[in-house]
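> Here you go, one structure.
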Ligand code: C5P
């Protein structure tokens, strides 16, 4: 939970007028790979919906003053009351979470469309935008801050990234599931990175990318690459993994248990 008494970015005095930062959280996916049940972002981790963990992770950064949650298309009202219910114990009015405001908008059929709908809802005055998957509920605040810092220093697009443990093969995908797939190439592992979120952007560049790029993409930074604008990485974190399959839920609950132990609860 964010600290309600923390200073706003404009009170920190380190910069005359720091660019304000908003986070867009696409949370409209069904999460089919996790098995049947509620939309993935609304499923619980240690009794708290994954989305709430993700919003807390963004609000934990002093730089983030607005979170736009992109809800399942038919679930915006439910998500709004869920956010209010989890924010209110902190003593803040509806629509805010400590000193972080939040908005909820209905999402679309693809992640890309959901992010665009979130961007459309962003009020003026936020020059830096983070896009963060609700499915990465445990990203540490230091990773969030490192992404924001790199954008503040002038990078138009920043992604947290980790080296790979596995060797990766490019294949000719099978037409029928379970049949052998011919290997086409083995990219040099040392040059590959697995990228995470939050990805951070100069707002105008991200908006231009969403207006221009129409092909299928799996992250926002690749749209920036298609514009020919440079994208850089900062170190990611193993706790920023994406909760995709049932085993990821077990891992996420273990991370939360370790944190509670370390925090002395
Ligand atoms: O499907 P995938 O795991 O790549 O989804 C990444 C994030 O995008 C998730 O947080 C999911 O809720 C979100 N998403 C969305 N709208 C969709 C599909 C996915 O907001 N139509």
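> When only alpha-carbon atoms are used, what values of Rg and Dmax, in angstrom, describe segment 189-254?
14.5, 41
> Could you compute Rg(Cα) / (2.2 N^0.38 Å) for segment 14-144, with N its residue count?
Details: Rg = 14.0 Å, N = 131, 2.2 N^0.38 = 14.0 Å.
Cα Rg divided by the expected 2.2 N^0.38 Å: 1.00.
> Angle between the Cα long axis of helix 246-262 and the longest principal axis of the chain, 0 to 90 degrees, nearest 10?
Approximately 40 degrees, to the nearest ten.
> Highest mean first, how do 187-194, 77-84, 140-147 rank when packing is the count of other Cβ atoms within 10 Å averaged over residues?
Values: 187-194: 11.4, 77-84: 17.9, 140-147: 19.6.
The packing order, highest mean first, is 140-147, 77-84, 187-194.
> Report, in deg cm²/dmol and to the nearest 500, the calculated mean residue ellipticity at 222 nm for the chain, where each DSSP H run with n ≥ 4 adds -39500 (n - 2.57) and the sum is divided by the residue count.
After summing the helix terms and dividing by residue count, I get -9000 deg cm²/dmol.
> Moving to a separate point now. Looking at the calculated P(r) for the chain, what percent of the C-alpha pair distances fall above 26 Å?
Distances greater than 26 Å cover 42 percent of the Cα pairs.
> Something else about it: Comparing 180, 36, 246, which has the greatest mean-square fluctuation in the GNM of the chain with Cα pairs linked when under 10 Å apart?
With Cα springs under 10 Å in the chain, the top fluctuation among 180, 36, 246 is at 180.
> Next question. Just to be sure I understand: with springs between alpha-carbon atoms less than 10 Å apart, which residue in 60, 204, 174 has the highest mean-square fluctuation in the Gaussian network model of the chain?
In this elastic network of the chain, the residue with the biggest mean-square fluctuation among 60, 204, 174 is 174.
> Next question. As I understand it, the value is the acute angle between the Cα axis of helix 76-87 and the longest principal axis of the Cα atoms of the chain; what does it come to in degrees, rounded to 10?
Once rounded, one gets 60 degrees.
> Related question: Quick one: among 149, 113, 211, which has the greatest mean-square fluctuation in a GNM of the chain with alpha-carbon springs under 10 angstrom?
Highest fluctuation of the listed residues: 211.
> For segment 35-87, divide the Cα radius of gyration by the Kirkwood radius and give the resulting Rg/Rh value with two decimals.
0.97
> More than 18 Å apart: what percent of Cα pairs in segment 91-151 qualify?
Cα-Cα pairs in segment 91-151 separated by more than 18 Å: 51 percent.
> With all pairs of different alpha carbon atoms counted, what Kirkwood hydrodynamic radius in Å does segment 132-265 show?
17.1
> Taking the simple approach of a point 7 Å from Cα along Cα-to-Cβ for both residue 78 and residue 110, what is their distance in nm?
2.5
> Please give the helix 141-152 orientation as an angle from the longest Cα principal axis of the chain, in degrees from 0 to 90, rounded to the nearest 10.
Once rounded, the angle reads 90 degrees.
> Across bins of 5 angstrom width beginning at 0, how are the C-alpha pair distances of segment 147-192 distributed, in whole percent?
Per 5 Å bin, starting at 0, the Cα pair percentages come out as 5, 17, 14, 13, 13, 13, 10, 7, 6, 2.
Rule-based calculations on the coordinates, nothing more; no lab input. In this text, all values refer to a predicted model and were calculated from it rather than measured experimentally. A quick note on method: Cβ atoms are made from the backbone with ideal geometry, for glycine too, and the neighbour counts reach across all protein chains shown.
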